[in-house]
Amino acid sequence: MCDCLPRRSVVLDKLRSGRKALSFKTNFSCARATELAALAGFDCVWLCGEHVPMDNSEMEKQILAAKTRNCDTIVRVPKGSYSDFIRPLEADATGIMIPHLMSADEAREIVRKTRFHPLGRRPVDGGNADGLFCRLPLRDYLRFMNENRMIVVQIEDPEPLAELEEICQVPGIDMIFFGPGDFSHALGIPGELDSPEVNRARRRIAETAHKHGKFAGTTCSMENMKAYFQLGYDFLNCGSDVSAMNDYCDRIMKLFRN
């Protein structure tokens with residue numbers, strides 16, 4: 001056994017002290033891209049296992065790259081078995097994000113799968129990076145993971161708004177994350193991220209999350225970052241590696257063609 005503890009969450013520590021946090025999304029499945037974002041000073045790097053063809057070995061390398069720079073990682077998981085949910089946590093990701101939450105019952109089932117006693121029934125191992133490879137006493141491991149790892153659920157559809165109050169009261173959920181892209185798609189107005197319907201949902205989610213002691217997160221651009229923080233959002237993702245490279249390459253080619 002050893003006296004050390006796993007790394008605390010930069011994001012949770014900031015949010016719990018009333019400060020804001022900023023994330024950067026990667027699609028390249030590349031540890032170097034993750035470390036670049038961490039070196040720039042982002043609090044968190046968002047790794048995507050929902051849309052990106054990322055295997056577990058690539059995910060582990062990205063998590064390690066972020067940790068070397070004291071940067072959090074949140075892995076958006078595929079909606080599969082409990083193993084899909086807990087594998088990023090056991091690789092010592094700082095949190096997971098579950099897409100397209102549809103009901104309060106689903107939120108409670110997520111907690112059951114991803115939180116240890118007394119909140120849930122997450123299967124216990126401890127022999128991975130999050131448990132310092134069995135160097136943490138079991139009770140310390142369970143308590144530390146429950147207190148210092150994030151469970152984030154995404155509201156990306158209009159249906160769960162009917163149960164939003166109940167969803168925001170589920171113990172073990174840390175953050176309610178609004179996904180405006182899919183939400184606009186579900187409304188039949190894809191890409192209209194500032195439509196009245198999307199703006200109403202954006203505002204309501206932040207207000208309801210705070211009402212019940214949850215953090216609120218969403219995506220933003222550089223142009224609306226300040227406005228969304230002022231709206232009450234605690235955690236924003238701004239930018240991605242693919243958008244950054246597209247912009248840089250386009251500017252070079254424009255200069256060349258001119």
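Here are some notes:
- Every test in (1) in contact with a Phe, Trp or Tyr (Cβ under 8 Å, 6 or more places away or on another chain); (2) outside any loop (DSSP other than H, G, I, E, B); (3) not charged (D, E, K, R) is passed by A33 save one, and that test is (1).
- Selection count, segment 49-104, where residues are at pLDDT 95 or above, within 14 Å of the chain's Cα centre (by Cα) and either more than 16 Å from D130 (Cα to Cα) or charged (D, E, K, R) (or both): 9
- Test for F178: is it without any contact (Cβ under 8 Å) to a residue 60 or more places away in the chain and either surrounded by fewer than 19 Cβ atoms within 10 Å (Cβ to Cβ) or on the phi > 0 side of the Ramachandran plot (or both): no
- First in segment 78-89 and charged (D, E, K, R), second anywhere and at pLDDT below 95 and part of a helix (DSSP H, G or I), Cβ under 7 Å, 6 or more apart: R87/N56
- Conditions (1) surrounded by 16 or more Cβ atoms within 10 Å (Cβ to Cβ); (2) of a type in the set (D, E, K, R); (3) free of Cβ contacts under 8 Å to residues at least 60 places away in the same chain; (4) touching a Leu at 6+ places or on another chain (Cβ under 7 Å); number of the one not met by E156: (4)
- For segment 187-241, filtering for residues that are of a type in the set (V, I, T) and more than 15 Å from I155 (Cβ to Cβ) leaves 1.
- Here R139 meets the list (1) of a type outside the set (D, E); (2) exposed (fewer than 14 other Cβ atoms within 10 Å of the Cβ); (3) in a loop (DSSP other than H, G, I, E, B) almost entirely, failing just condition (3).
- Residue check, G232 surrounded by 14 or more Cβ atoms within 10 Å (Cβ to Cβ), modelled with pLDDT of 95 or more and at positive phi: yes
- With respect to the conditions (1) over 18 Å from N27 (Cα atoms); (2) of a type outside the set (D, E); (3) in contact with a Leu (Cβ under 6 Å, 6 or more places away or on another chain), Q62 lacks only one, and its number is (1).
The values are calculated or read from the model by the stated rules, or taken from the named source; none is laboratory data. In this text the structure is predicted, and so the values were computed from the model without any measurement. Please note: Cβ atoms are built from the backbone with ideal geometry, for glycine as well, and neighbour counts cover all protein chains shown.
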